[in-house]
Amino acid sequence: MLGNRALQMQVSNNGDIALFDESQGMRWLIYGDDARGSGHSVITEADGLAWGSSYSQRPAGTVPQRIFGCAQFTVLARHQGLQLERAVLCPEGDVPWVLVRVKLGLAKDQATRQVTHTERWALRPRFLHTFQPEQQRDAVAATVGYSVDRIGRRLVAREQFAEGAGTIGEPATIVLEALGSAARSQVFSSTTPENGDHPVLEAGTEVRLEPGETIILWYRIGREDGQPVPDPAGLHERSLASLRRRLPSAETLRTSKARREITWHGAMLSGGANRDLLLGGHTLNQSSIYGFGLGANAAARDALQHALPLVYTEPDLALSVLRNTCAWGSPDGDLPYCLTGTKQPLVNLLRPSDQNLWLFWLASEYAAATGDLAAFNQPQAYHPAYSVPEVTLAEHLARQFDFFVNQVGRGERNHVRLLNADWNDMVLEDRRLDKEQMIARGSSVLNSAMASWVMSIFAPLMEKLGRRELASRARELADELRQLVASSWNGKWYDRAYGPDGLVVGRDRCWLEVQPWAILCGAADQARSRELIELIKTRHCAGSPLGARIVWPPDREHNRVGQGTNGGIWYSINMTLVWAAAGVDFNFAWEQWQAMSLDNHSTAFPHIWEGTLSGPDAWNAPEADRPGHTWTTPLFSMQAYPVNNMHSHSQPLLGYLRLLGIGPQADGSLGILPAGGLPVGSFNSQVLALGTDGHGWLKPVNDITLRAPHGLATRVRDSLTF
């Protein structure tokens, strides 16, 4: 999936292209499947021979080259001296369509050639109602009709929804338009296949090529936005130039792969954003099987977590995601687990107790890095489902704080309540637990440790916003929870959770997710932190090329051992491990960051296609029956869509920033304080530059305090230099 801020396109090794839109609900404007592709160039020779960019229609005896770029997909095919280069780009910004550039070049040793190029897109709608079976989605899609008109050099297809079809949002108007002046002649057509499928939009151009000549054709397809494109070549050039400026880069002597990986992750992460015309701003869906299979934007924590590294690359987008996710919440401060495919709050599936913490974290990190306190005094609406007046963003945060303190509250041993999940949606699935009793009274050491750290950076934000009483309560909570976590040391590691009647979860095996947070919140002193990291290094990481398992030792009696939360390898948890280990054993932290890389997965499992360009949220461990793949359950399977989970892009990027020592501090400042005094690598984005000598610059929105390797920063015009 490649994208901009308004649209994503799913590109396939077959040369197929599908278009995904989440502006009004989770849906495909053009759905792709293996049987019926879309988004192709077809070349028809004078003798009637047809070939093109689709793998199924490739020239005989050839294999087209497919190039997956940061926002552009290119196919190169050749036949008897004629080269077809088809590049499809998601233009920069909130542009709800893709730009198509077709280059036709004839070799110098060839005779003059007369061909017809056909731009072909098969309309195929798909609406992702949450948990709806595939057969029902097929039935709904079949009820959608189109009225297609030719208007100048455009084919305009207007969706028509059948009554009661249950579609998502307003009917779309999809436009296929020929652009530029290179076209010799345009023949537009709209055909409906005999099988009753939806229309196929085509724009045909007759081309006469002289030896050595190259001709360029331009098109766009997607939602109609009323914006003319008088200079498609200029738009293409400007978009690629903007993309180069916008995407982060990195260099480190420890690996030559960092630069490519950091830039790629930055592109995939920001390309996962979608404008939200219902709630405003942008959402950053976890995607993969959750979005494209189940049809859910799940969970609230994930959109917030994905936006964290954007604070240092595209802070305006990070703020947009923060505001959008805040709008999910109810007036009492509760954040629903997810939004459905129609953008409605879903509260009857899971009631996790950690959701508010991620919002506090993103808000605090954004403020520390940008100084943009004015954003928190701007009005922020609630979801229309609640029918209540808007309040400021700061008031949203205050209400969510009250909800976390008073409604989530405390459970056994005074730790933060577990409810029916914390970060781990499956934590109560252990057959030895009384689920109802755990929901009522159980507590999470993980949430206590995470909350201790989050409250330490949330307090100074609230103080800056003039909410001193709330800030004081947050500091007291941070200190109290830190002491509780410290008391949860069991002699080998930190307990995971507590239940009624003295029940302890996490004595027989070490649950990784709580251990890094115990270090980060300060519950573990330096000696205990070293002991803990050594245990993780020799146990959780033993024989595992992709990084630390989430539990050790594996439960080999479980039929899904080594998968998911039964011992899989999770990006979001291993990011916190990298971060925590950086101040204890930096070489180990670096090794674990490299273990998360796409290059490492391709090296360790060269026969597995997922992990080459993207990945899931978790990998299977060596003891699983399919190591190097991802998890399955009887209900649904990440393996059904094992790529484009945003964790596989956001967490390596955030982990690298933490290795460089970049992050918010408990005094409200931003720290660039790498272990060892100087960063192990460089980082460059449009708002932050850091060199290996510890010097650089930052462009905040307003004044901040920046603590850097060589002391406090100095303001030079709109930048802080250090």
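Report the calculated FRET efficiency for N13 and A233 (r = Cβ-Cβ distance, R0 = 35 Å), to the nearest 0.05.
On the way: r = 28 Å, r/R0 = 0.80.
Once the sixth-power term is evaluated, E becomes 0.80.
Arrange W619, W593, W493 by Cβ neighbour counts within 10 Å, fewest through most, would you? Don't skip to the end; give the middle numbers.
Numbers: W619 35, W593 29, W493 25.
So the residues, fewest neighbours to most, are W493, W593, W619.
List S353, S181 from most exposed to least, where exposure is judged by having the fewest other Cβ atoms within 10 Å. It would help to have the intermediate numbers written out before the result.
Numbers: S353 25, S181 6.
Lowest count first: S181, S353.
Counting only GluC sites (Glu not before Pro) that are in a DSSP loop and have at most 10 other C-beta atoms within 10 Å, tell me the longest site-free stretch of the chain.
On the way: sites that count: E163, E194, E557.
With GluC sites (Glu not before Pro) excluded where exposed in loops, the chain gives 195-556 as its longest stretch.
How much mean residue ellipticity at 222 nm does the chain get from its helices, if each DSSP H run of length 4 or more adds -39500 (n - 2.57) and you divide by all residues, to the nearest 500 deg cm²/dmol?
On the way: 16 runs with 191 residues, N = 722.
Per the formula, -8000 deg cm²/dmol.
Once you have the Cα-Cα distance between R707 and Q665, take 0.36 nm times their residue separation minus that, and quote the gain in nm to one decimal.
Values: separation 42, 0.36 × 42 = 15.12 nm, distance 0.91 nm.
Between R707 and Q665, full extension yields 14.2 nm more.
When the chain is fully extended, how far beyond the present Cα-Cα distance does E531 get from R158, taking 0.36 nm per residue of separation? Walk me through the intermediate numbers first.
Values: separation 373, 0.36 × 373 = 134.28 nm, distance 6.39 nm.
Working it through step by step, the gained length comes to 127.9 nm.
Once you put a point 7 Å from the Cα of F131 and another 7 Å from the Cα of R468, both along the Cβ direction, what distance in nm separates them?
With each label placed 7 Å out from Cα toward Cβ, I get 4.9 nm.
So for R626, R78, R432, fewest C-beta neighbours within 10 Å to most, what's the order?
Numbers: R626 13, R78 17, R432 8.
Lowest count first: R432, R626, R78.
Taking +1 at the Cβ of each Lys and Arg and -1 at the Cβ of each Asp and Glu, which of A165, Q227, A440 sits farthest along the dipole of the chain towards its positive end, judged by Cα position relative to the Cα centre?
Q227
Let's test the formula: R0 of 51 Å, r as the Cβ-Cβ distance of N490 and E170. What FRET efficiency results, to the nearest 0.05?
Details: r = 56 Å, r/R0 = 1.10.
Working from the Cβ atoms, E equals 0.35.
Using unit Cβ charges (K, R positive; D, E negative) and no other charged atoms, how large, in debye to the nearest 20, is the dipole of segment 193-232 about its Cα centre?
On the way: 3 positive and 9 negative charges, 23 e Å.
Rounded to the nearest 20 debye, it is 120 debye.
Shape of segment 214-357 from its Cα gyration tensor (a ≥ b ≥ c, root eigenvalues): rounded if a/c is under 1.5, otherwise prolate when a/b > b/c, or oblate? Intermediate values should be presented prior to the final figure.
Numbers: a/c = 2.33, a/b = 1.43, b/c = 1.64.
It comes out oblate by the Cα gyration axes.
Pairs of lysines 8 or more apart, or on different chains, with alpha carbons under 30 Å: count those in the chain, would you? Each step should come with its number before you reach the end.
On the way: K257/K537; K257/K699; K343/K435; K435/K492; K464/K699; K492/K537.
Value for the chain: 6.
In nm, to one decimal, how far is the Y386 label point from the D434 one, both placed 7 Å along Cα→Cβ?
My value for the distance between the label points is 3.5 nm.
Take the Cβ-Cβ distance between E476 and V716 as r, set R0 to 41 Å, and report the resulting FRET efficiency rounded to the nearest 0.05. Write out the running numbers ahead of the final one.
On the way: r = 39 Å, r/R0 = 0.95.
Efficiency computed from Cβ-Cβ geometry: 0.60.
Throughout, read-outs are computed from the coordinates displayed, never taken from laboratory work. Predicted, not measured: the structure shown is a model, and the values here were computed from it. Every residue, glycine as well, gets a Cβ built from its backbone with ideal geometry; the counts of neighbours run over all protein chains shown.
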